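Engineer: Mind looking over this structure? Questions follow.
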Amino acid sequence: MSNVTGALRRLIPSTARTRIMAWVLLLILAALLIVTAVTWRLLVRAADERMDAALESEVSEFEELTLAGVNRTTGEPFPDVEEMISDAIVYRAARPNEYFLGYVDGRFFDQCECTAAERASGEDSALVALADDRAFTDLVGRVTEPTSGRYHQAQLGDVRYRALPVRLDGDPSTGVIVAAFLADPEHAGANAVARLMLGVGAGTLLLATAAAWLAAGRILRPLHDVAETARGITDSDLSARIPMRAERRDDDLQDLICTVNSMLDRVESSFAAQRRFIDDAGHELRTPITIVRGHLEVLDPADPADIRDTLVLVDDELERMNRMVSDLLLLARSEQPTFLQPRPVDVEALTRAIAGQVAQLGDRDITLEAAATATCILDPQRITQAMVALCDNACHYTATGDRIIVGSRIADDTLRFWVRDTGPGISAEDQTRIFERFSRGTAGGNRTDGAGLGLSIVSAIAAAHGGRIDLNSVPGHGATFTIVMPAVIPAEGEDSWPES
């Protein structure tokens, strides 16, 4: 067995060229089969729709004839259901592969069989097969309302039919007129087209084999140069890019080069962002260190007041550094799976608890506008942290007595928490950057002494919940920050922990 496998590998080497050719041929074969199957199915469906339309037309004609209640030959009212069925079937001319059958009190109407046989060029075996099929008779012979369906007959194959029940005043008998189409003969054209497509496809596949072999060789020819260029890109130098061929920029190889170059652009941008982050963090941490060092250098050890003031300043700066480091660690943890501890929470109780907590942030008119009445799965501690940060931010950019409104709402399977203020608003320029790390708004108000990480943390909390934070603000008319997240409803039986 191993010798056979080795011989096959020698005859058909496992190279990129053969793999490309094999995949191309596989795709062509799959496409051929799919196109053939879809085409055949469309043709079959068209035939089915044509049969259904014809059956519907026949039944409509039968209804008109039977509702009139008058024999079209004699002009007299029908004496019984049998004559009504016989007249209706004789009046209609059947299409090829179409048959009309009549049933009275659940049995096949022999007179209809004879009449139909005369119209169908002698003893029609298909009509006889349907007439003698007891299962088909039981299926359609006693229907009480217009019925349509499909029936598989052992001799005829698939049969599509519509059955119309008929009654006549004064005659206790119940009749049924059936219009039936033999589907298999109607599908013969579609089957012939499918066989022709498969035959043509087989010849096309042979030609595609030779074309794929030649094309694969041409496509792979420049890969050596691409590999050499890629080897020159190192972790210390991300500026190099794979050169594009001038003659063709729309083939698969050039698309691969564009994709790799785009990836290198993103990687280089990511490294640049990391460097900017480190530089910004270093600058923010360097400032309090410089302040502390400067005051310590000019400290007068003999002056108790100077020592006390310096210690107060040092303590403030160390506290600011501690908050900054904690925020940076929090942002780093926001990308980890353990950042959130979600659980079922009473959203209304949580919203009211947040409103009560932020009411003590400052001398602002902080009010609760609405609270969603629902239980959702979320991390109440992180949501509270985000809402407190938004309210604290609003306090810094509003004046005494200004309104700050908090609330929550569920709509369209979305849970929203919002903080709205009546402050100076946020300019369009600031709106595009205030969620970036170490960014601060330029609006008036009491500027915070933080590092500009608060809104970044809020954005990270929203993202961790699978949501986002939206900002709606017009300069001079306040701002609304909205945490938008999916409203995840706990499964039945899970307990909720209301916030207090």
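Engineer: Which net charge results when you count Lys and Arg as +1 and Asp and Glu as -1 among the other residues whose beta-carbon is under 14 Å from that of D365?
Structural biologist: Here the count lands on -1.
Engineer: Suppose each label sits 7 Å from its Cα in the direction of the beta carbon; what would the E145-I289 distance come out to in nanometres?
Structural biologist: 8.5
Engineer: Can you list residues whose amide H is under 5 Å from I366's amide H, if they're 5+ apart or on another chain and H is modeled 1.01 Å from N?
Structural biologist: So I366 has HN proximity to I404.
Engineer: May I pose another question? Using the charge dipole of the stretch 73-183 (Lys, Arg: +1 at Cβ; Asp, Glu: -1 at Cβ; taken about the Cα centre), state which of Y91, T73, F181 has its Cα farthest towards the positive end.
Structural biologist: Of the options given, the answer is F181.
Engineer: Rounded to whole Å and ordered largest first, report the semi-axes of the equivalent ellipsoid of the stretch 340-486 derived from its Cα gyration tensor (root of 5λ).
Structural biologist: Working: eigenvalues 112, 58, 36 Å².
Whole-Å semi-axes of the equivalent ellipsoid: 24, 17, 13.
Engineer: I'd like the projected area of the stretch 73-183, averaged over all directions, using the convex hull of its alpha carbons. Report it in nm² with one decimal. List each step's numbers first, then the result.
Structural biologist: Values: hull surface 26.5 nm².
With the hull built on Cα positions only, its mean projection is 6.6 nm².
Engineer: Now for a separate question. How much length is gained if the chain between R45 and T373 is pulled fully straight, taking 0.36 nm per residue apart and subtracting their Cα-Cα distance, in nm to one decimal?
Structural biologist: Numbers: separation 328, 0.36 × 328 = 118.08 nm, distance 5.09 nm.
Between R45 and T373, full extension yields an extra 113.0 nm.
Engineer: I need the peptides 92-100, 139-147 ranked by packing, meaning the mean over residues of other C-beta atoms within 10 angstrom, with the highest value on top. Mind showing how you got there, number by number?
Structural biologist: Numbers: 92-100: 17.1, 139-147: 15.2.
Peptide ranking by packing, descending: 92-100, 139-147.
Engineer: Any chance you could run the full-extension gain for L318 through A188? It's 0.36 nm times the residue separation minus the Cα-Cα distance, nm to one decimal.
Structural biologist: Working: separation 130, 0.36 × 130 = 46.80 nm, distance 8.77 nm.
Taking L318 through A188 to full extension adds about 38.0 nm, to one decimal.
Engineer: Skipping prolines and chain starts, which residues have an amide H placed within reach, meaning under 5 Å, of the one on R343, given they are 5 or more residues away or on another chain?
Structural biologist: L378, D379
Engineer: Distance between the C-alpha centers of the stretch 383-431 and the stretch 145-196? Whole Å please.
Structural biologist: For the stretch 383-431 versus the stretch 145-196, the Cα centre distance is 69 Å.
Engineer: First select every other residue whose beta carbon is under 12 angstrom from the beta carbon of E145; then total the charges, Lys and Arg +1, Asp and Glu -1. Don't skip to the end; give the middle numbers.
Structural biologist: Values: positive: R142, R162, R167; negative: none.
Value of the local net charge: +3.
Engineer: Now for a different question. Among 177-187, 256-266, 74-84, how do they line up by average Cβ neighbours within 10 Å per residue, starting with the highest? Intermediate results must be reported in sequence, preceding the final value.
Structural biologist: Details: 177-187: 22.4, 256-266: 13.5, 74-84: 16.4.
Listed from highest to lowest mean packing, they are 177-187, 74-84, 256-266.
Quick note: the coordinates plus some simple rules give every number you see, no bench work behind them. Note that the coordinates shown come from a computational prediction; the quantities given were computed from them, not determined experimentally. Cβ: placed from backbone, ideal geometry, glycine included. Neighbour counts: every protein chain shown.
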